[in-house]
Amino acid sequence: MRIAIIGFGVVGQGLAEILRDKAAELQAEQDFHCEIVAVATRSRGTLYHPDGLDAALLLEAIQKGHLGHYPHVYGLTRNWDALTLVRQCNADVVVEVSPTNLQTGQPALDLCYAAFDSGKHVVLANKGPLVAAFAALHERARRAGQLLRYEGTVMAGTPVIRLAQQALAGCRIIEARGILNGTTNYILTQMGAGMTYQEALAQAQKLGYAETDPSADVDGWDAAAKLAILSGVLYGQPFSLQAIDVQGITGITVQDIHAAAAAGERWKLIARLTPQGGSVYPTHIPLTDPLAAVSGATNAVTYVTDLLGSVTMVGSGAGRASTGFAVLSDLLDIHRQC
Ligand code: HSE
């Protein structure tokens, strides 16, 4: 499989590291060989080689600050813009992992359309295109006969989308409730352990949990975006962000956290979805609630179903390897289907 990676930040680099380190294992165990043929960034260069780029050299170049540091080899193209690259490269799959724009989904949305129209599948870790145009994206993929996968948009590589679509197929999911943002759960956990809000946020950014603009995390919009995507997955009717009641964690003080602890409770940013609507609110929950034990960048979702009762999945919700793995799991899924 040949892939083009659009965006080479935490997620793109996480994926490249996995492909660099696990190539032999993936070949032996999954019969999967993946060649990165193109990488595009907004301000740190663009590379395309139809025979493939070296993942280790890509990572070295970006660590020096710019893909221009990638060594010159015959056949290498350095100056295509992302749209030209998506249209003209020989990739089978476009991996869109550039920073999220929750309002318009752009420029990623147009790149997804261009990918489908030029006969390529799309894997998204970028939530923007799905939040802005869930139905249109699916329709465009269907018309083009291409696959669209986006496990990494909700809870990183923890497979809550695949759980709903595949393992729970046949059940009706009456409600989804959980902790869907790693950054805020990390901040609330660290504030409980003595850090200030600012220190905890800085640490979450350093660890690669936060969005490029972390206000999307702390104001609740990242969790709301995940609910919007889940509403499309679970109910086929994606809610707009405006239809979800959202409140972030910026109003929660260290005093609030200590008061909750004294009362045998813990503050969590709880996301809830039913067919009727969605909400994201900071909530103090009793320590006996299983969600109270979900700490750091770990996330969890409980699906309340008609046939199986409640099913809870707990796992990493953010981070370099976790989200890189999410993309890999989608690539493997496409590999198995094609
Ligand atoms: N910023 C997100 C989070 C990353 O903290 O959960 C994964 O979407």
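Please verify whether Y303 is in the same structural domain as A167 (by TED's automatic domain parsing) and surrounded by fewer than 19 Cβ atoms within 10 Å (Cβ to Cβ), treating the condition exactly as stated.
no
Of all residues in the stretch 185-210 being within 20 Å of S98 (Cα to Cα) and buried (at least 21 other Cβ atoms within 10 Å of the Cβ), which is farthest from the ligand (Cβ to nearest atom)?
A204
Let's see how each residue does on (1) modelled with pLDDT of 95 or more; (2) more than 16 Å from the ligand (Cβ to nearest atom):
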{"position": "V233", "(1), (2)": "yes, no"}
{"position": "Q255", "(1), (2)": "no, yes"}
{"position": "R266", "(1), (2)": "yes, yes"}
{"position": "R272", "(1), (2)": "yes, yes"}
{"position": "P282", "(1), (2)": "yes, no"}
{"position": "D289", "(1), (2)": "no, yes"}
{"position": "T302", "(1), (2)": "yes, yes"}
{"position": "V314", "(1), (2)": "yes, no"}
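Yes or no, residue by residue, for (1) surrounded by fewer than 18 Cβ atoms within 10 Å (Cβ to Cβ); (2) in contact with a helix residue (DSSP H, G or I) (Cβ under 8 Å, 6 or more places away or on another chain); (3) assigned to a helix (DSSP H, G or I); (4) not aliphatic (A, V, I, L, M):
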| position | (1), (2), (3), (4) |
| --- | --- |
| L130 | no, yes, yes, no |
| A133 | no, yes, yes, no |
| G152 | no, yes, yes, yes |
| M155 | no, yes, no, no |
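Taking residues in the stretch 196-219 that are farther than 18 Å from A156 by Cα and without any contact (Cβ under 8 Å) to a residue 40 or more places away in the chain, and partners anywhere that are in a loop (DSSP other than H, G, I, E, B) and within 11 Å of the ligand (Cβ to nearest atom), the pairs with Cβ atoms closer than 8 Å and at least 6 places apart or on different chains are L201/A210; L201/P214.
Listed by position, the strands (runs of 3 or more DSSP E) enclosed by the stretch 222-300 that each have at least 3 residues that are free of Cβ contacts under 8 Å to residues at least 60 places away in the same chain are 244-246, 277-286. Filtering R140, R177, R149, R172 for residues that are away from the ligand (no atom under 11 Å from the Cβ), touching a Cys at 6+ places or on another chain (Cβ under 9 Å) and not aliphatic (A, V, I, L, M) leaves a single hit, R140.
Among the criteria (1) among the polar types (S, T, N, Q); (2) at pLDDT below 95; (3) surrounded by 14 or more Cβ atoms within 10 Å (Cβ to Cβ), the one N79 does not fulfil is (3).
The values are calculated or read from the model by the stated rules, or taken from the named source; none is laboratory data. Values in this document were obtained by computation on a predicted structure and should not be read as measured data. No Cβ is skipped: glycine too gets one built from the backbone with ideal geometry, and neighbour counts run over all protein chains shown.
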